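Below is one structure, written out as structure tokens; comments come after it.
The values are calculated or read from the model by the stated rules, or taken from the named source; none is laboratory data. Here the structure is a predicted model, which means the values were calculated and not measured. Ideal geometry is used to build each Cβ from the backbone, glycine not excepted, and the neighbour counts take in all protein chains shown. Heads up: the accessible areas ignore ligands, DNA and RNA and are worked out on the full protein's heavy atoms, side chains in. Shrake-Rupley method; radii C 1.70, N 1.55, O 1.52, S 1.80 Å.
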Amino acid sequence: MIHKITPVISAGIACLLLAACAGGKKNSASGSLPSLSKTFENDFSIGAALNEEQIKDKKSKAAALIPHQFNVATPENIMKAENIHPQWDTYDFAPADKLIEYGKKHNIKINGHTLIWHSQMPPFARRIQNIDSFKTFFTNHINTVAGRYSGKIFSWDVVNEALNEDGTMRKSPFLSMLGEDFVTEAFRLAAAASPNTELYYNDYNNEQPAKRAGCIALIKKIQAAGVRIDGVGIQGHWHVGRVPLKDIEESILQYAALGLKVMITELDIEVLPRNFQGADVSQRMKEDASLNPYVNGLPDSVQQQQARDYEALFSLFLKHRDKITRVTLWGVDDGQSWLNGWPVRGRTNYPLLFDRQLNPKPAFYKVIEARKEFDNNKKRPF
Ligand code: G3I
């Protein structure tokens with residue numbers, strides 16, 4: 001028997017369907033969507049870089065999604081010296097304090113980023129000519145900032161990006177004013193100011209053999225001086241289809257052999273063309289439409305390649321879950337990523353696990369699948 005559906009009933013059904021879809025979308029921001037941090041809770045922490053906007057705790061999709069997906073956060077910019085220490089004797093702690101509160105409220109551990117970095121230094125510090133004054137700035141900065149957050153944050157990226165690609169020390173105001181030992185001194189000061197906080201060295205491309213050798217030498221120097229260093233961060237700014245899995249694995253093994261925790265600290269897999277590797281913010285390329293090919297959307301082939309790259313990476317991290325303590329993505333969604341503005345301004349990049357609407361991308365599901373696959377492989381006899 002055929003039932004005739006009246007316009008009133010069909011409108012009702014349409015409403016129900018719409019409500020179900022809307023509900024589904026809402027759930028996808030938190031509820032029914034698998035949680036990355038839960039999925040990997042027995043393996044390593046899962047983090048994201050957060051900006052000031054994201055910790056305002058507004059009633060938004062992002063506000064629900066972040067605590068559901070991540071159990072550790074790194075401030076993308078607010079703890080950097082130019083923001084937190086803008087003048088010789090002026091500190092602006094308000095945004096970082098807010099982050100601490102946010103972390104407490106949502107049970108998210110905070111990794112401080114970063115005490116000593118040649119980039120985003122306050123302009124006053126760049127102008128210091130006198131070595132003693134520079135030493136005072138260096139000491140005061142670490143004592144004050146690390147001291148304030150002692151017992152409130154989990155860890156610090158104490159020194160960031162002190163090395164060149166060939167493993168030698170990068171030319172920077174720290175190197176020229178304080179000499180090579182500035183790295184060891186930074187760790188010594190941080191350990192004294194914040195005795196219960198884990199202390200890390202963080203860099204990009206330090207999975208590449210030459211830079212890795214320099215990084216290992218630097219770490220050994222800190223250790224030989226009897227100064228505490230707890231871990232090393234491989235930032236992980238990689239390119240779709242070209243993720244250096246072999247170098248990454250070798251680096252995990254070599255860094256762990258130093259007795260350090262290994263972390264992937266700034267993971268993203270970008271899809272746009274550029275003619276160099278790494279994340280040196282001073283390197284730029286000229287704007288050109290050919291460098292921005294996916295303004296209207298990411299082709300499926302690239303989307304799938306990126307998903308496979310993320311899956312391969314997480315499978316590797318799982319293989320070494322006894323050595324890796326944290327994997328942090330450098331942002332939550334594609335719209336937030338720094339890679340939309342670097343090394344070319346105004347591009348449309350797609351490097352993360354959530355899209356601009358905060359919906360999970362194929363890469364997100366592949367990462368979750370990597371965990372299931374890891375369990376399945378363990379159950380197989382051979
Ligand atoms: O805050 C100003 C704002 O007042 C101004 O209107 C605007 C105009 O450009 O700039 C804003 O500052 C920008 C800042 O991000 C906050 O959005 C800076 O120009 C911009 O250079 C800065 O970029 C950050 C970059 O570090 C700077 O060095 C990125 O957001 C941040 O993701 C990136 O993070 C670094 C890690 O700390 C270390 N490893 C590499 C990684 C990627 O470069």
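Conditions first: (1) under 19 Å from the mean Cα position of the chain (by Cα); (2) within 30 Å of Phe276 (Cβ to Cβ). Leu99 passes all but one, so which condition is the exception?
The one condition Leu99 does not meet is (2).
When the residues of the stretch 75-132 are narrowed to those that are of a type in the set (Asp, Glu) and not in a loop (DSSP other than H, G, I, E, B), which ends up farthest from the ligand (Cβ to nearest atom)?
In this case the residue turns out to be Asp132.
Consider Ile219 carefully, then state whether it is touching a residue at least 60 places away in the same chain (Cβ under 8 Å) and open to solvent by less than 10 Å² (accessible area, probe 1.4 Å).
Taking the combined requirement at face value, the residue does not satisfy it.
All but one of (1) free of Cβ contacts under 8 Å to residues at least 12 places away in the same chain; (2) open to solvent by 40 Å² or more (accessible area, probe 1.4 Å) hold for Gly297; which doesn't?
(2)
Between Ile248, Ile252, Ile234, which is surrounded by 15 or more Cβ atoms within 10 Å (Cβ to Cβ), within 13 Å of Tyr204 (Cβ to Cβ) and over 15 Å from the mean Cα position of the chain (by Cα)?
Result: Ile248 is the single residue among Ile248, Ile252, Ile234 that is surrounded by 15 or more Cβ atoms within 10 Å (Cβ to Cβ), within 13 Å of Tyr204 (Cβ to Cβ) and over 15 Å from the mean Cα position of the chain (by Cα).
Any residue in the stretch 329-351 that's within 8 Å of the ligand (Cβ to nearest atom): show its pairings with residues that are outside any loop (DSSP other than H, G, I, E, B) and among the small types (Gly, Ala, Ser) at Cβ separation under 9 Å, as long as the two are six or more apart or on different chains.
Going by the 9 Å Cβ cut-off, the qualifying pairs are Trp330/Ala48; Trp330/Ala49; Gly331/Ala48; Gly331/Ala49; Trp338/Ala49.
Step by step: first the residues of the stretch 43-59, then only those that are under 16 Å from Lys98 (Cβ atoms) and away from the ligand (no atom under 16 Å from the Cβ), then the one that is surrounded by the most Cβ atoms within 10 Å (Cβ to Cβ). Which residue is that?
The extreme case among them is Asp57.
For residues in the stretch 107-147 being without any contact (Cβ under 8 Å) to a residue 60 or more places away in the chain, in contact with a Ser or Thr (Cβ under 8 Å, 6 or more places away or on another chain) and open to solvent by 20 Å² or more (accessible area, probe 1.4 Å), which is farthest from Glu198 (Cα to Cα)?
His118
Restricting to the stretch 225-284, give me the number of residues that are at pLDDT below 95, within 14 Å of the ligand (Cβ to nearest atom) and not aromatic (Phe, Trp, Tyr).
Within the stretch 225-284, residues that are at pLDDT below 95, within 14 Å of the ligand (Cβ to nearest atom) and not aromatic (Phe, Trp, Tyr) number 9.
Among the residues of the stretch 149-182, what is the count of those that are within 16 Å of the ligand (Cβ to nearest atom), outside any loop (DSSP other than H, G, I, E, B) and either farther than 20 Å from Ala279 by Cβ or open to solvent by less than 20 Å² (accessible area, probe 1.4 Å) (or both)?
Final tally of qualifying residues: 8.
Cβ-Cβ distance below 7 Å, separation of 6 or more or different chains: which pairs start in the stretch 66-93 with a residue that is within 30 Å of Lys38 (Cβ to Cβ) and at pLDDT 95 or above and end on one that is within 16 Å of the ligand (Cβ to nearest atom) and part of a loop (DSSP other than H, G, I, E, B)?
So the pair list comes out as Ile66/Val332; Glu76/Asn51; Asn77/Asn51; Ile78/Glu52.
When you check Asn196 against the structure, is it at pLDDT 95 or above and surrounded by 20 or more Cβ atoms within 10 Å (Cβ to Cβ), yes or no?
no
Can you tell me which residue in the stretch 285-304 is farthest from Gln235 (Cα to Cα), limited to those that are part of a loop (DSSP other than H, G, I, E, B) and at pLDDT 90 or above?
At the first step, the residues of the stretch 285-304 found to be part of a loop (DSSP other than H, G, I, E, B) are 285-288, 292-299.
The next check asks that each one be at pLDDT 90 or above; those that pass are 292-299.
Working: Asn292: 24, Pro293: 26, Tyr294: 25, Val295: 27, Asn296: 29, Gly297: 27, Leu298: 24, Pro299: 27 Å.
Step by step, filter the stretch 285-304, then rank; the result is Asn296.
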